[in-house]
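Down below is the structure, laid out as C-alpha cells.
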Amino acid sequence: MTTYPFKRSLLNRIFGGVAGGIGDYLGISGWWIRAVFLAVVLTNFSFGILLYLLLWFLIPAQSLNDVPIIPLPEEIPAPRYTRPEGVLFIGALAIIIGIVILAETTGVLLVGGGDLLPPGMLVVIGIVVLLKHLRGVS
C-alpha cells in the first residue's frame, strides 16, 4: 500500500501543489480537489482565494526526498488505496458548499446589506490556525 505525506505536491500541481498534495494524501485524484476549490471560488471568490492562499502557506512543500519513485515500464506500480477519510472529506465538503450556495442564493447570509460569509469564514480559519498552533501541530 502506498501512502503519501500531507504536503504540497511537486509533481501533481497547477499553481502551488495544494490540490495535488491533498489529493495524494487522501488517495484520490487531485482533480476532485481542484473541482471543490473551483466550486468554492464560484460561490465566494474572496473566500476561495483566501482559503487557497492560506493552505498554500500552511501546508509544507514536498521535498525531492518525498517524491515517490516512478516505476519503470516493466515494473508493476504499488497499488494506491483511497483513504476512507478522503471520501468522507469530499462528501462533507460537497454538503457544506451546497449549504453555503443555498444560503447565498436565498439571502440568509445577508444581514443589514452586508455579507456575513467572508468574515465568518475568516473567523473559522483563524480559530483553526490558533487551535493548530496551541496543539503544537506543525
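The values are calculated or read from the model by the stated rules, or taken from the named source; none is laboratory data. Quick caveat: nothing in here was measured; it's all calculated off a predicted structure. Neighbour counts run over all protein chains shown; Cβ positions are idealised from the backbone, glycine included.
At-a-glance table
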quantity	calculated
Enumeration of residues in the range 33-54 that are among the aromatic types (Phe, Trp, Tyr), more than 17 Å from LEU102 (Cβ to Cβ) and crowded, with 17+ Cβ neighbours inside 10 Å	PHE37, TYR52
Filter result for the condition that a residue is at pLDDT 75 or above and either of a type in the set (D, E, K, R) or at positive phi (or both), over GLY107, GLY48	GLY107
Number of the exception - VAL18 against (1) under 28 Å from LEU130 (Cβ atoms); (2) surrounded by fewer than 17 Cβ atoms within 10 Å (Cβ to Cβ); (3) at pLDDT 85 or above; (4) not small (Gly, Ala, Ser)	(2)
Looking only at the range 56-76, and only at residues there that are surrounded by fewer than 18 Cβ atoms within 10 Å (Cβ to Cβ) and within 30 Å of ASP115 (Cβ to Cβ), the one that is nearest to the chain's Cα centre (by Cα)	TRP56
Residue list for the range 7-44, restricted to those being outside any helix (DSSP H, G or I), within 11 Å of the chain's Cα centre (by Cα) and either small (Gly, Ala, Ser) or under 21 Å from ALA92 (Cβ atoms) (or both)	GLY17
Checking PRO118 against (1) modelled with pLDDT under 70; (2) part of a helix (DSSP H, G or I); (3) closer than 24 Å to LEU11 by Cβ, the condition it does not meet	(3)
